[in-house]
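Colleague: To start, I am sharing the structure in question, which I have written as structure tokens.
The values are calculated or read from the model by the stated rules, or taken from the named source; none is laboratory data. All values reported here derive from a predicted model rather than from experimental measurement. Cβ placement follows ideal geometry from the backbone for every residue including glycine, while neighbour counts extend to all protein chains displayed.
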Amino acid sequence: MATLQKKMAAMIPSLREELKELAQKVGDKKISDVTVAQAYGGMRGVKGMICDTSVVYPDKGLVIRGIPIMELRERYPEEIFYLLCTGELPDKAALKALQKEFAERSTVPKYVWNVLEAMPKDSHPMAMLDTGILVMQKESEFKKAYDKGMKKTDYWQPMLEDSLNLLAKLPGIAAGVYRLRFKKGNRIAYKKDLDWGANYARMLGITDKTGIFTKLIRLYLTLHCDHEGGNVSANTCHTVGSALSDAYYAVSAGLNGLAGPLHGLANQECLNWILETMKKFKGVPTDEQIRNYAWETLNSGKVIPGYGHAVLRVTDPRFSAFLAFGKEYLPDSPVFQTVAKVYDVVPKVLEEHGKAKNPWPNVDAGSGALLYHFGLKEFPYYTVLFSVSRAMGMLAQLVLNRAMGTAITRPKSVSTEWVKQNVK
Ligand code: CMX
């Protein structure tokens, strides 16, 4: 099988042909209606954009290019990036070539560290990560080629170059942020003979004699890679990219959205809730204690973090993947045992409560507990891990959008006055 670049070059002409035919055949057909409530309510459920990398089904969860995420959990994250971009998993040679590309492009420019070291010591790790990405904008191959003048049909090529450059450096920047922000000592260099995920685990500097932490980081990177196109981070990245801003501008913008408490920051709140429960009941709580604490949380007007979802109506398969990992590798960990028990109890409580449309856990309900077990206890850092993974989906979407010649995003807004006058 070909390298990622060759594979994409081969598939893009037929993709364009297909889109042209679709536009001719069904271009004027409707795929969505929008109610006033949807216009005020975050456009929930409005079909208004295309994303081919993945689909989230309410009853199945995340499916990447036709493959359910549970079936991909043993794969290297690099394989997932290739899959997101091309619709096919790489063979051994293509995977090796991609890993080599990442290794060759992994050196983080010195000026990134100068900037990060100059930031206030109490900066949020996400602000540091996003700054590290943005400050590299001057490296953009897309920007250089665009300034020289390039054909529209070639846009995807330097976009892919930028994507590979950025993905190759992200584990190093993210691990560097961890070591700098939490005073863990010197940075650890990328090891060229290790895979991308193993490098990230190693550069964090967490002791890993058994290799299980490395497996967890690979799994984490695989599971968080993409969640179709409409979520805050993907949608933001898409919109910024649609103005032909390069990958550095677009991905850092998307990740600023991921830093919000209703999106990527939720995982730290989930672990907090688990630890609070354990503290209150002095260890792994009983089912009855969890039930009481869940009701106490709900009765005080708060949500139970890690449960519910805007789209899903079943247990998030990404949660199931983490649960299976915990059962296999750390069944005796009290914090993992608590997560598993909460899963037995909380959905019933939420069903009785009757508000949440989905009483089942989302990905965030378990991921933090596993990281915590291995000593990665700095909660504000968890969204950075999420970001390194989600950058794969954002970048694959950017490259494909440039290949498809996707137009600049410009939905029409209306004023409240317009609604009053025109909607009867
Ligand atoms: N605990 C208590 N109440 C909940 C709840 C939960 N876990 N999940 C939803 N509800 C409530 C909502 O607050 C809402 O109440 P109001 O009508 O009083 O506003 C009601 O149930 C209906 O909400 P919904 O339609 O089921 O959920 P939304 O699509 O509006 O919100 C989400 C989805 C994830 C923000 C929400 O379920 C939530 O706040 N969960 C807890 C936080 C969390 O786990 N976030 C991580 C999300 C992960 C991701 O996005 O990938």
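Matching residues to (1) surrounded by fewer than 24 Cβ atoms within 10 Å (Cβ to Cβ); (2) closer than 15 Å to Leu62 by Cβ:
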| position | (1), (2) |
| --- | --- |
| Trp360 | yes, yes |
| Ser367 | no, yes |
| Phe374 | yes, no |
| Thr383 | no, no |
| Ser387 | no, no |
| Ala391 | no, no |
| Ala396 | no, yes |
| Asn401 | no, no |
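Colleague: With respect to Glu378, determine if the residue is over 27 Å from Glu228 (Cβ atoms) and over 20 Å from the mean Cα position of the chain (by Cα). Break it down stepwise before answering.
Modeller: Working: over 27 Å from Glu228 (Cβ atoms): yes; over 20 Å from the mean Cα position of the chain (by Cα): no.
No: the conditions fail for Glu378.
Here's the yes/no breakdown for (1) away from the ligand (no atom under 13 Å from the Cβ); (2) on the phi > 0 side of the Ramachandran plot; (3) part of a helix (DSSP H, G or I); (4) charged (D, E, K, R):
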| site | (1), (2), (3), (4) |
| --- | --- |
| Leu255 | yes, no, yes, no |
| Leu262 | no, no, no, no |
| Asn267 | no, no, yes, no |
| Leu298 | no, no, yes, no |
| Ala310 | no, no, no, no |
| Arg313 | no, no, no, yes |
| Arg318 | no, no, yes, yes |
| Gly326 | yes, no, yes, no |
| Pro359 | no, no, no, no |
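Colleague: Looking at region 164-174, which of its residues are surrounded by 24 or more Cβ atoms within 10 Å (Cβ to Cβ) and over 14 Å from Ser252 (Cα atoms)?
Modeller: Pro171
Colleague: Only one of these is more than 28 Å from Phe182 (Cα to Cα) and at pLDDT below 95: Leu271, Leu265, Leu312. Name it.
Modeller: Details: Leu271 fails: more than 28 Å from Phe182 (Cα to Cα); Leu265 fails: more than 28 Å from Phe182 (Cα to Cα).
Among Leu271, Leu265, Leu312, only Leu312 is more than 28 Å from Phe182 (Cα to Cα) and at pLDDT below 95.
Colleague: Identify, please: which residue in region 328-344 is over 27 Å from Gly211 (Cβ atoms) and buried (at least 18 other Cβ atoms within 10 Å of the Cβ) and is, among those, farthest from the ligand (Cβ to nearest atom)?
Modeller: Just the residues of region 328-344 that are over 27 Å from Gly211 (Cβ atoms), to begin with: 341-342, 344.
Keeping just the survivors that are buried (at least 18 other Cβ atoms within 10 Å of the Cβ) gives 341-342.
Working: Lys341: 17, Val342: 12 Å.
Restricting to residues being over 27 Å from Gly211 (Cβ atoms) and buried (at least 18 other Cβ atoms within 10 Å of the Cβ), the top hit is Lys341.
Colleague: May I ask you to verify whether Arg202 is within 15 Å of Leu371 (Cβ to Cβ), more than 16 Å from the ligand (Cβ to nearest atom) and charged (D, E, K, R)?
Modeller: Values: within 15 Å of Leu371 (Cβ to Cβ): no; more than 16 Å from the ligand (Cβ to nearest atom): yes; charged (D, E, K, R): yes.
Here the answer is no, as Arg202 does not meet what is asked.
Colleague: Taking region 46-68, which residues are basic (Lys, Arg) and surrounded by fewer than 18 Cβ atoms within 10 Å (Cβ to Cβ)? Working first, answer last.
Modeller: If we filter region 46-68 for residues that are basic (Lys, Arg), which is where we start, we get 47, 60, 65.
Result: Lys47, Lys60.
Colleague: OK, next. In this structure, is Val303 β-branched (Val, Ile, Thr) and within 10 Å of the ligand (Cβ to nearest atom)? Walk me through it before giving the result.
Modeller: Details: β-branched (Val, Ile, Thr): yes; within 10 Å of the ligand (Cβ to nearest atom): yes.
Answer is yes for this residue.
Colleague: Cβ contacts < 7 Å: first residue closer than 16 Å to Glu352 by Cα and touching a residue at least 24 places away in the same chain (Cβ under 8 Å), restricted to region 274-300; second residue of a type in the set (S, T, N, Q) and assigned to a helix (DSSP H, G or I), any location; separation 6+ or different chain. Result?
Modeller: Every condition considered, the pairs that remain are Ile290/Thr277.
Colleague: Can you find a residue that is touching a Lys or Arg at 6+ places or on another chain (Cβ under 8 Å), in contact (Cβ under 8 Å) with a residue 12 or more places away in the chain and either of a type in the set (A, V, I, L, M) or part of a loop (DSSP other than H, G, I, E, B) (or both) anywhere in region 9-23? Can you show your working first?
Modeller: So the first thing to find is which residues in region 9-23 are touching a Lys or Arg at 6+ places or on another chain (Cβ under 8 Å), and the list is none.
Scanning region 9-23, I find no residue that is touching a Lys or Arg at 6+ places or on another chain (Cβ under 8 Å), in contact (Cβ under 8 Å) with a residue 12 or more places away in the chain and either of a type in the set (A, V, I, L, M) or part of a loop (DSSP other than H, G, I, E, B) (or both), so the answer is no.
Colleague: Thr416 - would you say it is more than 18 Å from Cys85 (Cα to Cα) and β-branched (Val, Ile, Thr)?
Modeller: Values: more than 18 Å from Cys85 (Cα to Cα): yes; β-branched (Val, Ile, Thr): yes.
So Thr416 passes the test.
Colleague: Can I ask one more? Within region 49-77, count every residue that is more than 20 Å from Phe325 (Cα to Cα) and not in a strand (DSSP E or B).
Modeller: 9
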